[in-house]
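Here the structure comes first, spelled out in structure tokens, and everything after it is commentary.
The values are calculated or read from the model by the stated rules, or taken from the named source; none is laboratory data. Bear in mind the structure is a predicted one, so any value in this text is a computation, not a measurement. Neighbour counts are summed over all protein chains in view; Cβ atoms, including those assigned to glycine, are modelled from backbone coordinates with ideal geometry. What goes into the accessible areas is simple: the full protein's heavy atoms, side chains included, and nothing from ligands, DNA or RNA. Shrake-Rupley method; radii C 1.70, N 1.55, O 1.52, S 1.80 Å.
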Amino acid sequence: MSISVFAVVMFAALLHATWNAIVKGAGDKLLGAVQVAAFGALIAAVALPFLPQPAVASWPYIVASSVLQVLYMSLLARAYHVADMSQTYPLMRGTAPLVVALVGSLWLREPLSVTAWVGVAVICAGILSMAWLGRGGGGGKGLRVALLNAAVIAGYTLVDGHGVRLSGAPAAYTLWGMLLNGIPLVGWALVFRRRPFLDQARRQWRRGVVGGFGSLTSYGLALWAMTLAPVAVIAALRESSILFGTAIAALVLKERVGPRRVAAACLIAAGAMVLRLA
């Protein structure tokens, strides 16, 4: 992995933690998630006419990924409603790359080096340790929702890792996924929660813009990186977003982050360094 790809994935990790904090900080978590998806879809709709379109072979993957992304956003909002971000975010982001590494190496036929496997194991161990330390916020319900969403994250990561390579147009592939993800979520909000959704969108539109841009750009950069390096390695390295997420949770959301959680974050950083050297 080149230093430029490494830097891009780290920036994507920062963006991912930022838009998740926006959803967590919203008064209504589900409508906050829909708002992020809505602005992401709007950006996609504006940009798509100016881009080369994905190859026909990639469209089943775009549709499948969009379905999984709708489920992901719904579960994300639910997780943040019942538990702290410092508990659920590490668990969601930490379990998924382990699944991706095991399944992706078989399905996508991308054997990983011993060093890469060590990096995957270390970074996952660090994130899961942080989840264990933060298990008090929301109890078992938060853990169950987060684990379920981790499986969804692993699913769309594997789908997109293969689909983007077939597309021949990573940017358009990402934007179509964002558009098809946003349309059903916004449609649901307009039908069933019209007044509160429009009120929240009007009052917090700046958060929606930042969240939509961050969500789209973060995943788009990760997909681009997956065209240049093994999917499992990119997916695991991207989970270093927990470093940024921990800082945001402590400084912005005012969650308690003690020495043990800092130690877990350092373990994640060590895993990222191992992956960089793989």
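Computed quantities for the displayed model
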{"quantity": "Segment 186-224: number of residues that are aliphatic (A, V, I, L, M) and either open to solvent by 40 Å² or more (accessible area, probe 1.4 Å) or free of Cβ contacts under 8 Å to residues at least 24 places away in the same chain (or both)", "calculated": "6"}
{"quantity": "Every residue from segment 78-94 that is in a helix (DSSP H, G or I) and surrounded by fewer than 23 Cβ atoms within 10 Å (Cβ to Cβ)", "calculated": "78, 81, 82"}
{"quantity": "Matching residues in segment 229-278 - criterion: being part of a loop (DSSP other than H, G, I, E, B), under 21 Å from residue 21 (Cα atoms) and of a type outside the set (Val, Ile, Thr)", "calculated": "239, 240, 253, 254, 255, 256, 258"}
{"quantity": "Filter result for residue 64 (assigned to a helix (DSSP H, G or I), open to solvent by 20 Å² or more (accessible area, probe 1.4 Å) and closer than 22 Å to residue 148 by Cβ)", "calculated": "yes"}
{"quantity": "Looking only at segment 1-47, and only at residues there that are of a type outside the set (A, V, I, L, M, F, W, C) and under 15 Å from the mean Cα position of the chain (by Cα), the one that is nearest to residue 78 (Cα to Cα)", "calculated": "24"}
{"quantity": "Qualifying position, being modelled with pLDDT under 90, buried (at least 23 other Cβ atoms within 10 Å of the Cβ) and either closer than 25 Å to residue 242 by Cβ or aliphatic (A, V, I, L, M) (or both), among 104, 25", "calculated": "104"}
{"quantity": "Segment 48-59 - residue that is closer than 19 Å to residue 182 by Cα and without any contact (Cβ under 8 Å) to a residue 40 or more places away in the chain and, of those, nearest to the chain's Cα centre (by Cα)", "calculated": "59"}
{"quantity": "Every residue from segment 165-180 that is assigned to a loop (DSSP other than H, G, I, E, B) and either open to solvent by 60 Å² or more (accessible area, probe 1.4 Å) or not small (Gly, Ala, Ser) (or both)", "calculated": "168"}
{"quantity": "All positions within segment 248-266 that are among the hydrophobic types (A, V, I, L, M, F, W, C), open to solvent by 40 Å² or more (accessible area, probe 1.4 Å) and either at pLDDT below 85 or in contact with a His (Cβ under 9 Å, 6 or more places away or on another chain) (or both)", "calculated": "257, 262, 263, 266"}
{"quantity": "Selection from segment 107-144 of residues that are open to solvent by less than 20 Å² (accessible area, probe 1.4 Å), among the aliphatic types (A, V, I, L, M) and at pLDDT 75 or above", "calculated": "116, 120, 123, 127"}
{"quantity": "Residue that is over 17 Å from residue 81 (Cβ atoms), in contact (Cβ under 8 Å) with a residue 12 or more places away in the chain, of a type outside the set (D, E, K, R) and open to solvent by less than 60 Å² (accessible area, probe 1.4 Å), where the choices are 183, 153", "calculated": "153"}
{"quantity": "Tally of residues being more than 18 Å from residue 13 (Cα to Cα) and among the β-branched types (Val, Ile, Thr) across segment 79-104", "calculated": "3"}
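This table checks each residue for (1) of a type in the set (A, V, I, L, M); (2) touching a Ser or Thr at 6+ places or on another chain (Cβ under 9 Å).
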site: 89; (1), (2): no, yes
site: 94; (1), (2): no, yes
site: 105; (1), (2): no, no
site: 125; (1), (2): yes, no
